[in-house]
Structures are given as C-alpha cells and as structure tokens.
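One structure is given below, encoded as structure tokens.
Read-outs: derived from the displayed coordinates by stated rules, not from any lab. A quick note: this is a predicted structure, and the numbers were derived from the prediction, not measured. Cβ sites come from the backbone with ideal geometry, for glycine too, and all protein chains shown count toward neighbours.
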Amino acid sequence: MNVIPTQIPDVLIIEPKVFGDDRGFFYESYNQKKFQHATGIECDFVQDNHSLSSQGVLRGLHYQIKQPQGKLVRVVSGEVCDVVVDIRRSSETYGKWVSVELSAESKRQLWIPEGFAHGFLVLSKSAEFLYKTTDYYAPDYERCIKWNDQKLAIDWPIAGKPIVSEKDAEGMSLTNAELFE
C-alpha cells in the first residue's frame, strides 16, 4: 500500500498493491492492520455504502455535524472527481479543498477524516462508488454545503450544470453553514 499526502495533510490518497496478469487482478481493498501501519490512523469502520450514479451527477458536499464520519472511498466502476473541503474552523486549512480523480482503473482510494465535507462528480457514463464510514448515517445531523459556493470556488470539471438532488441544490453557503470548531 502506498500513501500519498494531498495539499490538506489529513486527507490521504491510498494506492493498494495490485497483482495482475492475463487472468485479471487481485488486491486487498482494505486491511485494518496495513491501513493503520501505513497511515497511523486508528479507526473502526461500522458501515459500508454503495451508490450508482450517471454521468454528470454531482453528490455533495455532505457531512454530519454530530456523529461525524471518517470515510474511506473508492470507485469500482467508472470514474469520478472526488472533492473534500476542510470545514474545521480551527484548522490551518479551513475552507480549502482538494480534488482527486478516483476510478475503477486506478483503484485509488481516498481517506477523508471527520470534520470534512465531501462530494463527487461522475465523469464516466456511470460510476459505482463505495465508501466505508466510521460512524452510522444520522439523517438528523446531515448537512450540505452548496457544491458551487462562491467562497470555495471549487473547480469542478464539468461544462454546464451538473445533475443534483433537490437537497443538494438547496445546500448552505460555507459562510452560513453549521461547521466544526
């Protein structure tokens, strides 16, 4: 496993060791001991989620203000632009964002700690997105920052308007959102 830091040191790209030949490939998508050793992060994942989205769908920017979730995300079919925003007011990287292309081909994963908003844009015809979480989904504490917040100025790789849910279209601005200290 190779761990690559991003511009926000707490957000990590994880590259698994892939064994492939003319029959196909094999890799461990998660091994707790290896993950902890390579990253120094001790966490317990309690829930796995799996979504399918069409090209142009943008989901996010989501987080839970209570019962915050750390996430280990990956794509098993297709390709996405994954975006993470630091929403911890006391952080040196508050309000900063990073984007990483995740695809079935690269098999890269992204570690997103608690205290971050997360979203992704589907670049391929469709994409299946999997993520492990460190806490359970709690709809009463779910919050959303608008994907096109002017203060964040995220450079989404899309021409035109993405396809978003009504909930995501009504997301808050970073300035008005309930955030972490």
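Values for this structure:
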read-out: Approximate spin-label separation K96-W156, in nm, with each point projected 7 Å along Cα-to-Cβ; value: 2.3
read-out: GNM top mover of D168, D22, D86 - the chain, alpha-carbon springs below 10 Å; value: D22
read-out: Ellipsoid semi-axes in whole angstrom, largest first, where each is sqrt(5λ) of the Cα gyration tensor of the stretch 1-138; value: 23, 19, 14
read-out: Kirkwood Rh in Å, taken over the stretch 1-72 so that all alpha-carbon pairs contribute; value: 15.2
read-out: Fluctuation leader among F129, F35, F25 - the chain, Gaussian network, Cα springs under 10 angstrom; value: F25
read-out: Neighbour-count order for T133, T175, T6, fewest beta carbons within 10 angstrom listed first; value: T175, T6, T133
read-out: P(r) histogram, all alpha-carbon pairs of the stretch 110-171 included - 5 Å bins from 0, percent; value: 3, 11, 22, 26, 22, 12, 3
read-out: Cα-only radius of gyration and Dmax that characterise the stretch 71-139, units Å; value: 12.7, 39
read-out: Highest-fluctuation residue, K66, K132, K161 considered, GNM on the chain with Cα pairs under 10 Å; value: K161
